[in-house]
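To start, the structure under review is shown below, and the notes come after it.
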2 protein chains.
Amino acid sequence: MEKKLFITFLKERGLRFTKERTVILQKSLSFNGHFDPESLYHQIRKTGLKASRASVYRTLNLLCECGLIERVRKTDRGTIYESSFGHKHHDHMLCIRCGSIIEFYSEPLEKIQEKVCKKHGFLGANHTLEIRGYCKTCQKKKK
Amino acid sequence: MEKKLFITFLKERGLRFTKERTVILQKSLSFNGHFDPESLYHQIRKTGLKASRASVYRTLNLLCECGLIERVRKTDRGTIYESSFGHKHHDHMLCIRCGSIIEFYSEPLEKIQEKVCKKHGFLGANHTLEIRGYCKTCQKKKK
DNA sequence: CCATAATTGATAATGAGTCTCAATAACAAG
DNA sequence: CTTGTTATTGAGACTCATTATCAATTATGG
C-alpha cells in the first residue's frame with residue numbers, strides 16, 4: 001500500500017527500491033506516530049536488520065518528499081517526524097512540563113485559516129500549529 | 001524600558017548587567033523583527049562594538065527566558081528569533097518559494113484555539129502557527 | 001577600595017545531519 | 001542467466017550551530 005506509493009515515487013525519479021529503503025519505510029510506519037531518526041536507527045539495529053545512519057537520513061528525506069511522513073518540528077535534539085499516511089491532518093498541544101503531546105483536529109480552525117490566507121492573497125499548502133502549555137495532569141501538580 | 005525589564009530579571013537571579021549584555025539587548029531590538037544569532041553577531045562587530053559569539057548565544061537564551069525575544073523557528077541553518085516586546089502576538093505565513101514571511105493576527109483564530117484547549121483540558125500558554133504555501137507574487141510566477 | 005562570584009572570550013567539544021567515494025547491488029536489455 | 005550501466009550503500013570525514021571549559025576579567029555589595 002504505502003510500499004506501492006513509495007515504489008511509484010522512486011520509479012518516477014529513476015531511483016531504486018532497495019532492501020534498506022524497505023526496512024526504513026516499514027519501521028517508520030511502525031511507529032504509528034512521532035519518532036526521530038536516531039530511534040529509528042536503533043530500532044533497526046535492535047531487530048537485526050541493517051541500514052546505516054546515512055541511509056536512514058537519506059531515506060527519511062525521500063519519504064518526506066513523497067508525503068509518506070512529515071517533519072513535525074525541529075528540537076534541540078534533532079528533528080521529529082511522524083508518519084502521515086492514512087493519518088489525517090492534525091495539530092499538536094505540547095505540555096512544557098511533562099512533554100506529553102495531544103493531537104487534535106478542529107474543523108473551524110482549518111476554515112478560519114483558509115479565510116485568513118485568502119485575505120492575504122496567500123495560497124496555503126500546509127501548516128503546523130503547536131500550542132504549548134500544561135496538560136490536565138500537570139495543571140494539578142503545579143498547585 | 002526593555003532595559004529596565006531586563007535588569008530587573010537579571011537582579012532577581014543574581015546575574016549582572018554587563019556591557020556585552022547591553023549591546024546584545026539593543027541590537028536584538030533594533031532588528032524590529034526576525035533575526036538570527038549569526039547576523040546579530042556580525043551587526044555587533046560591524047558597528048565596532050564588542051561581544052563574543054559565546055556571549056551572543058548566552059544572552060539570547062536569557063532574553064528568551066525573560067520574554068523580551070522569542071524563538072520563532074529552528075531551520076536547517078539555525079534558530080530564528082524575533083523581538084517580542086511591544087510587538088503583539090502574531091503568526092506567520094512562509095512562502096516556500098521565495099522565503100518571504102507574512103505576519104498576521106486573527107482574533108477568531110485565537111478564540112477558537114482557546115476553545116479547543118478547554119475542550120482537551122489543556123492550559124495553553126502560547127503557540128506557534130506557521131502556514132506554508134505561496135505568496136501572491138510567487139503564485140503568478142508559477143504559471 | 002576589596003573580596004567574591006558572575007562574566008567574558010578563545011577555543012575545544014558536541015551532535016545532528018550531509019558529503020565522499022570505493023565497493024556493491026538493482027534493473028533493463030540481450 | 002549474464003552483463004553493463006548507474007544508483008545505492010556504509011564508514012568515516014566533514015560542516016555548522018550551539019554549548020562547555022576555564023583562566024583572566026569585571027561588576028557589585030559592603
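The values are calculated or read from the model by the stated rules, or taken from the named source; none is laboratory data. If you're wondering where the values come from, they're calculated on a predicted model, not measured in any experiment. Neighbour counts are summed over all protein chains in view; Cβ atoms, including those assigned to glycine, are modelled from backbone coordinates with ideal geometry.
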*Restricting attention to the stretch B:9-33, which residues are hydroxyl-bearing (Ser, Thr, Tyr) and more than 12 Å from DNA strand D (Cβ to nearest atom)?*
B:28, B:30
*asked:* Can you tell me how many residues within the stretch B:2-16 are within 10 Å of DNA strand C (Cβ to nearest atom) and under 12 Å from residue B:63 (Cα atoms)?
replied: 1
_I need the full set of residues from the stretch B:75-98 which are out of contact with any Asp or Glu (no Cβ under 8 Å at 6 or more places or on another chain) and of a type in the set (Lys, Arg), in order please._
B:88, B:97
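Taking the conditions exactly as written (farther than 16 Å from residue A:118 by Cα, free of Cβ contacts under 8 Å to residues at least 12 places away in the same chain and within 16 Å of DNA strand C (Cβ to nearest atom)), does residue B:75 satisfy them or not?
For residue B:75, the condition - farther than 16 Å from residue A:118 by Cα, free of Cβ contacts under 8 Å to residues at least 12 places away in the same chain and within 16 Å of DNA strand C (Cβ to nearest atom) - is met.
May I ask you to verify whether residue B:47 is over 18 Å from the mean Cα position of the chain (by Cα), loosely packed, with under 12 Cβ neighbours inside 10 Å, within 16 Å of DNA strand C (Cβ to nearest atom) and β-branched (Val, Ile, Thr)?
Values: over 18 Å from the mean Cα position of the chain (by Cα): yes; loosely packed, with under 12 Cβ neighbours inside 10 Å: yes; within 16 Å of DNA strand C (Cβ to nearest atom): yes; β-branched (Val, Ile, Thr): yes.
Yes: the conditions hold for residue B:47.
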*Quickly run through the stretch A:18-38 and pick out the residues that are surrounded by 15 or more Cβ atoms within 10 Å (Cβ to Cβ) and not charged (D, E, K, R).*
A:22, A:23, A:24, A:25, A:28, A:29, A:31, A:34, A:35, A:37
*Return the residue satisfying two criteria in turn: it lies in the stretch A:17-38 and is within 12 Å of DNA strand C (Cβ to nearest atom) and part of a helix (DSSP H, G or I), and of such residues it is farthest from residue A:60 (Cα to Cα).*
A:19
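Scan B:80, B:101 and give me the residue that is under 17 Å from the mean Cα position of the chain (by Cα) and in contact (Cβ under 8 Å) with a residue 60 or more places away in the chain.
Among B:80, B:101, only B:101 is under 17 Å from the mean Cα position of the chain (by Cα) and in contact (Cβ under 8 Å) with a residue 60 or more places away in the chain.
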*Which condition breaks for residue B:121 when tested against (1) more than 22 Å from the chain's Cα centre (by Cα); (2) under 25 Å from residue A:101 (Cβ atoms); (3) facing another protein chain (nearest Cβ under 7 Å); (4) part of a helix (DSSP H, G or I)?*
(4)
*Check residue B:139 against each of (1) more than 10 Å from chain A (Cβ to nearest Cβ); (2) under 19 Å from residue A:121 (Cβ atoms) and name the one condition it does not meet.*
(1)
*Name, by its number, the condition in (1) more than 20 Å from residue A:76 (Cβ to Cβ); (2) crowded, with 16+ Cβ neighbours inside 10 Å; (3) modelled with pLDDT under 95 that does not hold for residue B:1.*
(2)
